[in-house]
Amino acid sequence: MKKEFLDLRRQPIANKFLKEDEISDEFFFDLKVVFDEDTKLVSMKDFVKPELMFNEDYKYNTSLSTPMVNHFKSVAQMLTEEFQPVNVMEIGSNDGPFIRHFDPETSVCVEPCGNFAEVTDDMGYKTYADFWNKELSQKIKSECGYMDLIYSANCICHIQDLDECFAAVKNILSENGVFVFEDPSLLRMLERGSYDQIYDEHAHIFSVTALNNILINNGLTIFRVDNLSVHGGSNRIYVARNRPVEFSVAENKQREYDFGINNFQTYEIFAERVRKSKKDLVELLTKLKGEGKRVVSIGATSKSTTVFNYCDIGESLIECITDTTPDKQGLLAPGSHIPVVDRESVNLNDYDYAFLGAWNFKDVIANKEREFVENGGKFITHVPEVMVFS
Ligand code: JHZ
């Protein structure tokens, strides 16, 4: 049985940055969050149609993020060394920062966003510009054979029907093949109060416990878990048909159990913390506005779409958002319609405070923006709680 515990209110498509004349047609939906008492899975109550989110207009471009480019290079090296796969497939390959480390002759990409599918196609990788499901798995198997390594980063949690997703994986995974995927961790979200991990694309926020339950039902086993710091705390999950299960699996499940992820009450406490975070952030920004202070935001993230829409924060409280992604610049942030501008076009010293929309890159940003701090500028974050720091 699914039980609702959090209402994040009316939300837009988190990565749909808009032009002025697109505002009147903007799509909104109710973002409510549920806990499944049976599988222990945390999901959105009502999913958004995938085509509305993942299409040729998708703006999140992984290769523009140096930390993520380095991350994928080292994951590719590590997986190659340990598993020595011949046939490799990536689900949700974006513009190819992971797959580029594998031979195009024996590697396949799956990417429903046409703009990015074109990029890996041009790089010489056979790319299927489609959503991952059983039909596609069958098609790829007949055209390219079984896969020894299936990798996916920040994509499996986007897939609404997990039974279909895992059945499709099992269908094409070679006998000794491994399926490795990484997504934000539910435990880290609960510990940090980072409710902004929840937005349209994240159909689910995974715990090891829930994934284990669902994968077992689909004839697959988690044999290892790595805890990662990327994207505000993620887990890398290693899955196979039948490999010895390592200690990290029980260890992670135990930590989740100790935190109470199997109890509905834990989610009610989290929801209370989220409501307090909203109250504190709105109070702080309103106070600063009253004092005539100027506030900018850094990083037009999917996460900040959730925060700004849940907290009703618009241009009157945060004047603009700087972002290094050219495709987001010159557009308006989803729902809040705060202008997104090139970081280079803004003198940060004109502002008193900078809200960290990309709080997961806090250290990188603080390091880059030392001059802002030296000139008296202060940062605001809402993770793990609303606070000002310099
Ligand atoms: P970042 C993305 O979420 C989308 P987002 C996706 N759907 C997903 O699942 C998660 O990742 C995991 C900018 N920036 O990575 C670049 C600066 O402007 O936190 C990016 O637009 N200055 C795949 O959107 C954004 O911030 C900087 O100094 O929440 C970061 O987005 C830095 C470091 C970044 O993901």
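What the phi angles of the range 268-281 give under the Karplus curve with 6.51, -1.76 and 1.60, with θ = phi - 60°, is a coupling list of 5, 5, 4, 4, 5, 5, 5, 5, 5, 4, 4, 4, 5, 5 Hz, glycine and proline written as x.
Before anything else, pin down the relative contact order of the range 41-261: Cα pairs under 8 Å, at least 6 apart, normalised by residue count, whole percent. Don't skip to the end; give the middle numbers.
Numbers: 393 pairs, mean separation 40.0, N = 221.
18 percent.
Largest to smallest in accessible area, the residues Asp46, Asp226, Asp95 fall in the order Asp46, Asp226, Asp95 (1.4 Å probe, all protein chains included).
Projected onto their three principal axes, the Cα atoms of the chain cover extents of 65, 48, 41 Å, largest first.
Ellipticity at 222 nm from helices only: DSSP H runs of n ≥ 4 in the chain, each -39500 (n - 2.57), divided by the residue count, give -10000 deg cm²/dmol.
Computed with every protein chain present, the accessible area of Asp121 is close to 80 Å² [probe 1.4 Å].
Entry note, the chain: relative contact order of 16 percent, from Cα contacts under 8 Å with a spacing of 6+ residues.
As a length-normalised measure over Cα pairs under 8 Å and 6 or more apart, the relative contact order of the range 280-389 settles at 27 percent. Measuring with a 1.4 angstrom probe and ignoring ligands and nucleic acids, Thr305 comes out at about 10 Å² accessible.
The solvent-accessible area of Val249, taken with every protein chain present and a 1.4 Å probe, is close to 10 Å². Applying a threshold of 31 Å to the alpha-carbon distances of Lys3/Lys378; Lys73/Lys293; Lys278/Lys328; Lys2/Lys279; Lys279/Lys328; Lys32/Lys134 flags Lys3/Lys378; Lys73/Lys293 as lying beyond it.
The values are calculated or read from the model by the stated rules, or taken from the named source; none is laboratory data. Fair warning: this is a prediction, and the values are worked out from it, not measured in the lab. Only protein heavy atoms, including side chains, enter the accessible area calculation; ligands, DNA and RNA are left aside. Shrake-Rupley method; radii C 1.70, N 1.55, O 1.52, S 1.80 Å.
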